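Trainee: My structure is below; once you've seen it, I'll send some questions.
The values are calculated or read from the model by the stated rules, or taken from the named source; none is laboratory data. Everything quoted here is computed from the prediction, not taken from an experiment. Cβ coordinates were reconstructed from backbone atoms using ideal geometry, including for glycine residues, and neighbour counts include every protein chain displayed.
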Amino acid sequence: MDMAKEMKTSGKEKKAAPEPKQQSEKGKRTGSIVRMAETNLNGKKPVFIAIQGIRGVGQMFSHAIDEISGLGNKIVEELSPEEMAALEDMIANPGKHGIPTWMFNRKNDPKSGETKHLSASTLDFTTRMDINAMKKLKTYRGLRHSQGLPVRGQRTRSSFRKGKTVGVKRQKQAPSKSKSKK
């Protein structure tokens with residue numbers, strides 16, 4: 001019995017002392033957040049999954065970057081600064097690295113006519129500017145955007161009614177003024 005008590009007390013001593021958080025070789029905590037292409041990414045995830053958190057990078061595009069770079073199964077935290085810079089350059093300029101143009105998200109840009117890939121804040125800014133241009137030209141899509149209605153031909157009878165009246169309100173009936181005769 002004495003040995004059992006000793007084992008229990010030794011177990012309590014180990015639990016009582018808090019262990020310091022582990023530091024990686026870069027000085028970041030494990031599970032840290034890594035900044036890439038104007039986006040915070042989870043440092044614990046593999047590269048091909050983590051870069052899907054960047055706006056403009058989907059599954060197909062991240063798989064293409066994985067195939068070309070060979071960094072897919074590496075953890076984002078473990079990347080060297082050179083590998084991080086190369087990965088950012090692949091996302092920003094995929095045409096230079098052999099990614100096919102059919103994967104780009106901006107084909108035949110209306111202003112320049114070229115096919116390019118946008119990501120992060122440039123994608124948001126360009127989309128907003130396109131919508132504003134449609135509103136200014138008063139195209140059908142622009143009018144639908146300005147009225148807050150669906151743009152792509154959906155039915156509106158029962159959908160898209162948020163914030164609008166749904167049904168008919170009845171008027172309050174005034175009390176009758178008829179007097180009974182006796």
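Trainee: Scan the range 80-101 for residues that are within 15 Å of LEU118 (Cβ to Cβ) and not in a helix (DSSP H, G or I) and jot them down.
Mentor: ASN93, ILE99
Trainee: Taking the range 75-91, which residues are surrounded by fewer than 16 Cβ atoms within 10 Å (Cβ to Cβ) and either in contact (Cβ under 8 Å) with a residue 24 or more places away in the chain or of a type outside the set (A, V, I, L, M, F, W, C) (or both)?
Mentor: GLU78, SER80, PRO81, GLU82, ASP89
Trainee: Under the condition of being surrounded by 12 or more Cβ atoms within 10 Å (Cβ to Cβ) and of a type outside the set (A, V, I, L, M, F, W, C), which residue from the range 93-106 is farthest from GLY56 (Cα to Cα)?
Mentor: Per the stated criteria, the residue is HIS97.
Trainee: Kindly indicate whether any position in the range 36-43 is modelled with pLDDT under 90, over 25 Å from THR126 (Cβ atoms) and among the aliphatic types (A, V, I, L, M).
Mentor: No: zero hits.
Trainee: Can you say whether GLY53 is surrounded by 14 or more Cβ atoms within 10 Å (Cβ to Cβ) and farther than 15 Å from ARG35 by Cα, as far as the supplied structure shows?
Mentor: For GLY53, the condition - surrounded by 14 or more Cβ atoms within 10 Å (Cβ to Cβ) and farther than 15 Å from ARG35 by Cα - is not met.
Trainee: Could you please give the count of residues in the range 81-107 that are within 22 Å of the chain's Cα centre (by Cα), over 20 Å from THR127 (Cβ atoms) and charged (D, E, K, R)?
Mentor: Total meeting the criteria: 2.
Trainee: Would you pick out the residues in the range 53-79 that are touching a helix residue (DSSP H, G or I) at 6+ places or on another chain (Cβ under 9 Å), farther than 23 Å from PHE125 by Cα and part of a loop (DSSP other than H, G, I, E, B)?
Mentor: LEU71, GLY72, ASN73, LYS74, LEU79
Trainee: Could you give every pair whose Cβ atoms fall below 9 Å, whose first residue belongs to the range 161-182 and is closer than 20 Å to GLN147 by Cα, and whose second residue is modelled with pLDDT of 70 or more and of a type in the set (Val, Ile, Thr), counting only separations of at least 6 or pairs across chains?
Mentor: none
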